[in-house]
1. How many residues are closer than 22 Å to residue 45 by Cα and either assigned to a strand (DSSP E or B) or in contact with a helix residue (DSSP H, G or I) (Cβ under 9 Å, 6 or more places away or on another chain) (or both) if we restrict to segment 210-221?
2. Can you pull out the residues in segment 88-127 that are within 19 Å of residue 603 (Cα to Cα), in contact (Cβ under 8 Å) with a residue 60 or more places away in the chain and hydroxyl-bearing (Ser, Thr, Tyr)?
3. What about residue 215, is it hydroxyl-bearing (Ser, Thr, Tyr), more than 21 Å from residue 19 (Cα to Cα), within 25 Å of the chain's Cα centre (by Cα) and modelled with pLDDT of 90 or more?
4. Assess whether residue 406 counts as being out of contact with any strand residue (DSSP E or B) (no Cβ under 6 Å at 6 or more places or on another chain), within 30 Å of residue 168 (Cβ to Cβ) and either not acidic (Asp, Glu) or not in a loop (DSSP other than H, G, I, E, B) (or both).
5. Name every residue in segment 306-318 that is under 19 Å from residue 394 (Cβ atoms) and either at pLDDT 90 or above or surrounded by 14 or more Cβ atoms within 10 Å (Cβ to Cβ) (or both), in order of residue number.
6. Name the residue, out of 62, 77, that is open to solvent by 20 Å² or more (accessible area, probe 1.4 Å), over 30 Å from residue 617 (Cα atoms), among the hydroxyl-bearing types (Ser, Thr, Tyr) and modelled with pLDDT of 85 or more.
7. Among the numbered criteria (1) open to solvent by 50 Å² or more (accessible area, probe 1.4 Å); (2) in contact (Cβ under 8 Å) with a residue 12 or more places away in the chain; (3) not in a loop (DSSP other than H, G, I, E, B), which single criterion is violated by residue 137?
8. From 124, 131, grab the single residue that is among the aromatic types (Phe, Trp, Tyr), part of a helix (DSSP H, G or I) and either under 37 Å from the mean Cα position of the chain (by Cα) or at pLDDT below 80 (or both).
Amino acid sequence: MLSATGIYQQYGDRVLFNHISFVIMARDKVGLVGRNGAGKSTILKIIAGDQGCDEGTVVRPTGSTLGFLHQEMDLPTGRTVMEETLTAFAHILAMEDRLEELNKEMETRTDYTSDSYASMLEEFTSLTERFAIVGGITMEAEAEKFLKGLGFEQKDFNRQTTEFSGGWQMRIELAKMLLMRPDYLLLDEPTNHLDIESIIWLENWLSSYSGAVVTISHDKQFLDNVTNRTLEVELGKIYDYKANYSKYVELQAERREKAEAAYENQQKVIAEKERTITRFMAKATKTKMAQSMQKQLDKVERIELDVTNNAVMNLRFPKAPRSGAITLTARNITKSYGDLNVLRGVDLKIDKGDRVSFVGQNGQGKTTLAKILIDEIPATSGEVELGHNVTVGYYAQNQAEELNGKMTLLETMEEVSPPEMRTKLRAMLGSFLFSGEDVDKKVSVLSGGERARLALACMLLRPFSLLVLDEPTNHLDMASKDMLKQAVLNYDGTLIVVSHDREFLAGLTERTIEFRDHKLHEHLGDINFYLEKRKIDNMRAVELEKSKADDDVPAAKSNGSAPPVSQKVSNLSHEEKRRLEKDIGNAERKIERLEKDIEKIHLKMSDPNFYNDPAKVDKTTAELKSKQAELAEVMETWEEASEALEG
């Protein structure tokens, strides 16, 4: 187990942790929750050893491993996605090098009866077994599976990591972390840059993971599906609940209710005894009894109520100005970045009062289309026409990160404020939980959640008839997300929201537009209706199902240059399909046979008596290498045939 004892941390006058202690057991799945700025990320840094604390200790078992996915990271340059991911297997690669050394040594040594030779054979046997157990033979296939689960495609594997945005680089780092399978896995906001299907894949993987997981997340459904224990950080203290997030919310309310009742009862008893003591002290005959009662009262352990931070931001969107019946119309929109085609001839019409969500895998063009619609970036071809008197409010995915760190909060608001709002800026910052001297803080010292609140405050300085939100819940704590959702529900204008947060989207919109294969596919209903209809346990499998293509009602006309997936598959002739299916079947049977052969060889090599015959050792080792090479070749054949059949 990992134990943290007496952790104390203070910054200036503020006590972040007041001698907190907790234990993480070997298979715990822990959600670390609390408001923005409560110190959740700091706790992970202290556990990982990336940051010290003023007092206290963190102890974990000798030889145990720990992986930490944090929000600030910097991947080295000069590697492809696959090369960087395979660095997760550094320990296996080192084992492979050592096995090669031992093989060469066995070829030259003849002192078969010596103790050192026996020791060498013992090391070789042990290392061979461990190499097979930890996946030395299937490293690349395993890396490929994890990368695809997190949304990468085969064509991405040989691209340089520097070609990808920070969110995609985070996915590479996450893949490495999961492949390492540490005993303790620390994840700081792992879902911030993941799309819905990648989150579902991650949930499934973490749920069956044999190690301990401690995760910070503002995605309630993710926490419910992954965790079985919740640690709440609040005002310097930590509270431990043996439950997932939803159950924790109930237990937290019960704990506070019981504590308040016990406190009130005790206060009544104390007040009654104090009145009695005062009365007795006035009578000389009862002074001794009063003093005795006072001593007893002084020994009573007083119940203290925890001060709870119930402050929430006061968020209300301005009333939408009057506008035309049609908010916007997009015709034949195509967008390419060099050779990379994102959107192909899509059409979209948004009427006044529509509430629309954009969903789908990252890289499919959700943010791109949102920016084209509001004239943030140009389309390669096609046109967008805004309706009469339509004004736009836009919250960008990286809005919080784009704030100038050298400016104060008040200066940031002043820079974007219309003249008539200048006198209200301090009050507005107060409603977003920035009060008193906070307004003179530099933006650079704010946490991610505080920056997100400031960016939202800036957006509310002007009224607008079309509200476009791109991943607005990133970095917001649970209470702030609830307030934002309520404010969006109360907003009386037209809404377009890009988000992967299922709980936030639930009940928020009436149209769900899925971005897939450079096209738009519309579903009437909210995110829950969409997920149920698409059976989105595995998005990539859904995309390849020919029968599913007919179920969608495309929002765009089929006048793009690229056919949908179902058409791609049908372009193969019957003979080609039969041949590919036969190749796949043959390859699968060969893979099964080769894996059994390799397993038999490993079993044979695990017998210490096996190494008494050097000639036999050489022959079997050569056979093992041959089988492994053949397996890799057949795997490649199977993959190529599968990809060709899938289109």
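1. 8
2. Within segment 88-127, just 125 meets the criteria.
3. The answer is yes for residue 215.
4. yes
5. Of everything in segment 306-318, those that are under 19 Å from residue 394 (Cβ atoms) and either at pLDDT 90 or above or surrounded by 14 or more Cβ atoms within 10 Å (Cβ to Cβ) (or both) turn out to be 315, 317, 318.
6. So the residue among 62, 77 that is open to solvent by 20 Å² or more (accessible area, probe 1.4 Å), over 30 Å from residue 617 (Cα atoms), among the hydroxyl-bearing types (Ser, Thr, Tyr) and modelled with pLDDT of 85 or more is 62.
7. Going through (1) open to solvent by 50 Å² or more (accessible area, probe 1.4 Å); (2) in contact (Cβ under 8 Å) with a residue 12 or more places away in the chain; (3) not in a loop (DSSP other than H, G, I, E, B) one by one, residue 137 breaks only (3).
8. 131
The values are calculated or read from the model by the stated rules, or taken from the named source; none is laboratory data. Computed from a predicted structure; not experimentally measured. Reconstructed Cβ throughout: ideal geometry from the backbone, glycine too, with neighbour counts over all protein chains shown. For accessibility, only protein heavy atoms count, side chains too; no ligands or nucleic acids. Shrake-Rupley method; radii C 1.70, N 1.55, O 1.52, S 1.80 Å.
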